[in-house]
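Input: a single structure, listed below in structure tokens.
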Amino acid sequence: MAPSNVLRCCQRVVGWIPVIFITLVACWSYYAYVVELCIFTIQSIGEKVIYLVVFHLSFVMFVWSYWKTIFTPPTNPSKEFRLIKADKEQYDREERPEAQQEILRRAAKDLPIYTRTANGAIRYCDRCQVIKPDRCHHCSACDMCVLKMDHHCPWVNNCVGFSNYKYFMLFLAYSLLYCLFIAATVLQYFIKFWTGDLPDTHAKFHVLFLFFVAAMFFISLLSLFSYHCWLVSKNRSTIEAFRAPVFRNGPDKNGFSLGFTKNLKQVYGDQGKYWLLPIFTSLGDGCSYPTRLVSQDPEQPNSINHTEPAKNSADGQSLPPRPLSESQNRLLGGTDQHWIDEESDEESSKVSNQNAAISIDQESTKPST
Ligand SMILES: [Zn+2]
Ligand SMILES: [Zn+2]
């Protein structure tokens, strides 16, 4: 086996360690709560039944959403975003970046893409050999272009993006609920064991530890969940929060924001009854996104209310959003212009927050002519 294959194989194995850790903690918490607390410690039958029913409900939802986040593969750009054979051959033959950009511009003419690199070039992934749809980024850990990539999450050993962002949000929400329920119901027994009101049995260790672990996870997950709730409300990915998407005439951090309710529906879907279930209901096809032509965010007061309707790929009729007009482009270009100067697409960027690591590979940065 070649050394690079051995390395990749090792990386794959190591990648599962955080998932195994979370799984072991979840299994132990199940044993500690059900057996040590409910069966051995709690005396009242009524209390046992209520605790066990609510516990199992939250446990099932937590495991279900975690499972879906881990095992839903990230989606790649559809085949329309690949160059046709003739263009591909021409692109490979061409050495001048300007000529390559011209080929890409011609190929992207009918594609629903409105974002560009910081230099105004068509975003192209040389590794996947694909024109990047809006909000798509190349993940170096997965070695593929991922639609609406949010971040590569080590805790689920998967890329969080268009295909599983809803599951990820539900996983955070149900983990919080699970930890909160455990901490709240264990607290009184924690105090009783601590003060010596309950005998020193082997349940004592489990119950004391259960409270600490639940409280610790609850506190650390709360900030991550709050941050992602804010991102959903703004229709921003973590990557876009760190680096505003660049539209034809400049970056606009609110370029995809459609207003609070529509932003929620983009992730959770049109039908409220499915919002709390880890079933795919996000709107769109992942390759094209409705754009708000200008910002109406309170942070940017001089804005005009003008939105594109949300599209659902389920009807197979999604049309590309209208291109930006010159006057609208000027308005867009007026915001956050400094991003162009500050950022450099030529460097691989690594962004991380508490529990999430993001790795984005370099984007095609050939200058436009
Ligand atoms: Zn790629
Ligand atoms: Zn990834």
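Quick note: the coordinates plus some simple rules give every number you see, no bench work behind them. Note that the structure is a prediction, hence the values are computed from the model and not measured. Here Cβ is always computed from backbone atoms with ideal geometry, including for glycine, and neighbour counts include all displayed protein chains.
Once you have the Cα-Cα distance between MET216 and ASP126, take 0.36 nm times their residue separation minus that, and quote the gain in nm to one decimal. Don't jump to the answer; show the numbers that get you there.
Values: separation 90, 0.36 × 90 = 32.40 nm, distance 4.28 nm.
That pair, MET216 and ASP126, stretches by 28.1 nm at full extension.
When HIS228, HIS152 are sorted by how many other C-beta atoms sit within 10 angstrom of their C-beta, beginning with the fewest, the order is HIS228, HIS152.
Using C-alpha positions alone, give me the convex hull volume of segment 160-254 per residue in cubic angstrom.
Values: hull volume 9.2 nm³, N = 95.
Hull volume over Cα atoms, normalised by residue count, gives 97 Å³.
Dividing the mean sequence gap of close Cα pairs (under 8 Å, 6+ apart) by how many residues segment 1-139 holds gives a relative contact order of 17 percent.
In order along segment 249-258, the phi-based Karplus estimate (6.51 cos²θ - 1.76 cosθ + 1.60, θ = phi - 60°) of 3J(HN,Hα) comes to 10, x, x, 8, 5, 9, x, 9, 6, 10 Hz; Gly and Pro are listed as x. Between the beta carbons of VAL6 and TRP28, assuming R0 = 35 Å, the FRET efficiency works out to 0.60 to the nearest 0.05. Segment LEU208..ILE45, full-extension length gain: 56.5 nm, with 0.36 nm per residue of separation and the alpha-carbon distance subtracted. Over segment 248-291, the reciprocal of the mean inverse Cα-Cα separation, the Kirkwood hydrodynamic radius, stands at 11.7 Å.
Neighbour counts of C-beta atoms inside 10 Å place MET61, MET169 in the sequence MET61, MET169, starting with the fewest. The percentage of C-alpha pairs in segment 74-163 whose separation is greater than 17 Å is 49%. Treat the count of other C-beta atoms within 10 Å as a stand-in for reagent exposure and order VAL19, VAL25, VAL156, VAL13 from fewest to most. Least crowded to most crowded, the residues run VAL13, VAL25, VAL19, VAL156.
As an exercise, use a Förster radius of 51 Å and the Cβ-Cβ distance of ALA184 and ARG105 to find the FRET efficiency, rounded to the nearest 0.05.
Details: r = 58 Å, r/R0 = 1.14.
Once rounded, the FRET efficiency stands at 0.30.
On a straight-distance basis, which lysines could pair with LYS68 in a cross-link, Cα separation under 28 angstrom, same-chain partners fewer than 8 positions away excluded? Within reach: LYS79, LYS132, LYS148, LYS166, LYS234, LYS262, LYS265, LYS273, LYS311, LYS350. I'd like the distance separating the alpha-carbon centroids of segment 76-117 and segment 122-139, in whole Å. Computed from Cα coordinates, the inter-centre distance equals 10 Å.
Computed on the Cα atoms alone, the convex hull of segment 1-79 gives a volume of 106 cubic angstrom per residue. Loop-located trypsin sites (Lys or Arg not before Pro) in segment 86-158 (DSSP state not H, G, I, E or B) with no more than 11 neighbouring Cβ atoms inside 10 Å: LYS109.
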